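To keep things clear, I will list the structure first and then write my remarks on it.
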Amino acid sequence: MGYQSPLLELPGAVGAQEGHPEAGVPWHWGDPFAEQRTATRGVAVVDRSHREVITVTGEERLSWLHLVISQHVSAMEEGTGTEALVLDSQGRIDAHMVLSYVDGTVFLDTDPGAKATSAFPNGGKQTLFEYFEAMKFWSKVDLNDATADFAMLTLLGPDTDTVLDVGLPSRPYSVVALKGGGFARRMPWPGQSSVDLMVPRKELTTWWKRLTDAGARPAGSWAFDALRVESLRPRLGIDTDERTIPHEVNWIGSAAHVAKGCYRGQETVAKVHNVGRPPRNMVLLHLDGSPEIYPETGDAVRLGDKTVGRVGSVAQHHELGPVALALVKRSTKPEAELIAGEEDRAVQAAIDPDSVPAEHAAPGREAVQQLRG
């Protein structure tokens, strides 16, 4: 058995089944739709302590990172953060991370089990930490796998600052140090207001109690994922496959810099950005929920007898109903009548017109309304 959060022992916590991407942390606390509503109208707190943490220190920490990740960080200022990727030589996505720079240390947090293509000629897969270690060479940097030292909680909702009074600026990716270690980071997703708290792992339960006593409602990964899907934010390995490039999943700019050179995969990033034609687009699908069956991650999206895409994250949203992120061919028209899922999981699906890149947008609201009933 893998990681198990101590918060799973608290009354009301319901964990995801083994093998689920959110296994090891609470999936919900008894009423996932009410948790979502609170996360959009009040304030909720989500246990994301299964995320992995790497710290980078040393006098060349920024210049070295600038060379090995897709984001421009050579002039990164303390008290700021960003997102970044590791790409392979063809520009395909290997790893995604969120960076925070505070007190001379760059924190990188990633989904559990993050891997990166081997830096060695024989290929293969390594953990993200092993990949960074292999890329140090003679650089004056110190890397530490800090997963055992720090854990993440996320506050969601417009009332977040009422339970967290730490002087965090309102701009996205702003970062402030917390007393006793760790930091608070303002995020632009999911939803309209989100703050990540990186706290000492030994104090995870104490912080949870402090936040819930201050008015934050316990919410599970179900609520977080539903709002993430609504926000059109992908999760690596679920909304991506082995061919995905940053342009297909809205990671250009936010996680991949188009003008910065000297990183693996940069040529593909610049070329596709200049041409402006990625082979696929990530869209939000509204699923027909009347059969009470849902497609699964990796299932095909079909138009007639042709496969035009793949299903990524599937979620039940408190307002939108059953929805999913999907990678579909760029030629797929927004008003297309699609089928998502395999065999007895196949359901009708309609592309949300607001999720379509501007150059492909077309009327499609009627199909969405029909699926919503």
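The values are calculated or read from the model by the stated rules, or taken from the named source; none is laboratory data. Fair warning: this is a prediction, and the values are worked out from it, not measured in the lab. So basically every Cβ, Gly included, is an ideal-geometry build from the backbone, and we count neighbours across all protein chains shown. Just so you know, the surface numbers come from the protein's heavy atoms only, side chains and all, with ligands and any DNA or RNA stripped out. Shrake-Rupley method; radii C 1.70, N 1.55, O 1.52, S 1.80 Å.
Just to check your reading of the model, which residue among 64, 27 is aromatic (Phe, Trp, Tyr), on the phi < 0 side of the Ramachandran plot and under 17 Å from the mean Cα position of the chain (by Cα)? Working first, answer last.
Values: 64 fails: under 17 Å from the mean Cα position of the chain (by Cα).
27 is the lone residue from the list that is aromatic (Phe, Trp, Tyr), on the phi < 0 side of the Ramachandran plot and under 17 Å from the mean Cα position of the chain (by Cα).
When the residues of segment 5-15 are narrowed to those that are touching a Gly at 6+ places or on another chain (Cβ under 9 Å) and loosely packed, with under 14 Cβ neighbours inside 10 Å, which ends up farthest from residue 207 (Cα to Cα)?
Once the filter is applied, the top-ranked residue is 14.
Considering only segment 16-39, state which residues are crowded, with 17+ Cβ neighbours inside 10 Å and part of a loop (DSSP other than H, G, I, E, B).
16, 21, 22, 23, 24, 25, 29 - these are the residues of segment 16-39 that are crowded, with 17+ Cβ neighbours inside 10 Å and part of a loop (DSSP other than H, G, I, E, B).
Working only within segment 128-171, note down all residues that are without any contact (Cβ under 8 Å) to a residue 40 or more places away in the chain and either open to solvent by less than 20 Å² (accessible area, probe 1.4 Å) or over 25 Å from residue 208 (Cβ atoms) (or both).
Listed by number, the residues that qualify are 130, 133, 134, 137, 138, 171.
What is the number of the single condition among (1) open to solvent by less than 70 Å² (accessible area, probe 1.4 Å); (2) closer than 23 Å to residue 190 by Cβ; (3) in the same structural domain as residue 342 (by the TED database); (4) not small (Gly, Ala, Ser) that residue 252 does not meet?
(3)
Got at least one residue in segment 283-297 being within 22 Å of the chain's Cα centre (by Cα), farther than 23 Å from residue 189 by Cβ and open to solvent by less than 60 Å² (accessible area, probe 1.4 Å)?
yes
Give the residues of segment 54-85 that are of a type in the set (A, V, I, L, M) and closer than 24 Å to residue 112 by Cβ, sorted by residue number. It would help to see each step written out before you state the result.
Taking segment 54-85 first, the residues of a type in the set (A, V, I, L, M) are 54, 56, 62, 65, 67-69, 73, 75-76, 84-85.
If the condition is that a residue be of a type in the set (A, V, I, L, M) and closer than 24 Å to residue 112 by Cβ, then 54, 56, 65, 68, 69, 73, 84, 85 are the ones that fit.
Out of 81, 42, report the one residue that is in the same structural domain as residue 178 (by the TED database), out of contact with any His (no Cβ under 6 Å at 6 or more places or on another chain) and open to solvent by less than 30 Å² (accessible area, probe 1.4 Å).
Values: 81 fails: in the same structural domain as residue 178 (by the TED database).
After ruling out the rest, the residue left standing is 42.
Specify which of the listed residues (230, 242) is surrounded by fewer than 23 Cβ atoms within 10 Å (Cβ to Cβ) and acidic (Asp, Glu). So that I can check it myself, show each step before the final result.
Values: 230 fails: surrounded by fewer than 23 Cβ atoms within 10 Å (Cβ to Cβ).
None of the others qualify; the one that does is 242.
When the residues of segment 55-72 are filtered to those that are closer than 15 Å to residue 105 by Cβ and either charged (D, E, K, R) or in a loop (DSSP other than H, G, I, E, B) (or both), which remaining residue is most open to solvent (accessible area, probe 1.4 Å)? Break it down into steps so the answer makes sense when it comes.
Taking segment 55-72 first, the residues closer than 15 Å to residue 105 by Cβ are 55-62, 64-65.
Then keep just the ones that are either charged (D, E, K, R) or in a loop (DSSP other than H, G, I, E, B) (or both); that gives 58-61.
Details: 58: 22, 59: 145, 60: 59, 61: 51 Å².
The selected residue is 59.
Taking segment 320-333 as the search range and keeping residues that are open to solvent by 40 Å² or more (accessible area, probe 1.4 Å) and in contact (Cβ under 8 Å) with a residue 24 or more places away in the chain, which one is nearest to residue 237 (Cα to Cα)?
At the first step, the residues of segment 320-333 found to be open to solvent by 40 Å² or more (accessible area, probe 1.4 Å) are 329-331, 333.
So of that shortlist, the ones also in contact (Cβ under 8 Å) with a residue 24 or more places away in the chain come out as 329-330, 333.
Working: 329: 18, 330: 20, 333: 25 Å.
Ranking the candidates gives 329 first.
Please return the ranges of strands (runs of 3 or more DSSP E) entirely within segment 145-246 where 3 or more residues are out of contact with any helix residue (DSSP H, G or I) (no Cβ under 7 Å at 6 or more places or on another chain) and modelled with pLDDT of 95 or more.
Working: elements: 150-156, 175-177, 183-187, 194-200, 217-219.
So the answer is 175-177, 183-187, 194-200.
Pick from segment 84-114 the residues that are open to solvent by 10 Å² or more (accessible area, probe 1.4 Å) and free of Cβ contacts under 8 Å to residues at least 60 places away in the same chain: which of them is nearest to residue 267 (Cα to Cα)? Even if it seems obvious, please write down each step before you answer.
Within segment 84-114, the first condition is being open to solvent by 10 Å² or more (accessible area, probe 1.4 Å), and the residues that meet it are 88-90, 92-94, 96, 101-105, 107, 111-114.
Okay, now just the ones that are also free of Cβ contacts under 8 Å to residues at least 60 places away in the same chain, so 94, 104-105.
Working: 94: 16, 104: 31, 105: 30 Å.
The selected residue is 94.
Could you count how many residues in segment 204-237 are among the acidic types (Asp, Glu) and touching a Lys or Arg at 6+ places or on another chain (Cβ under 9 Å)?
Number of matching residues: 1.
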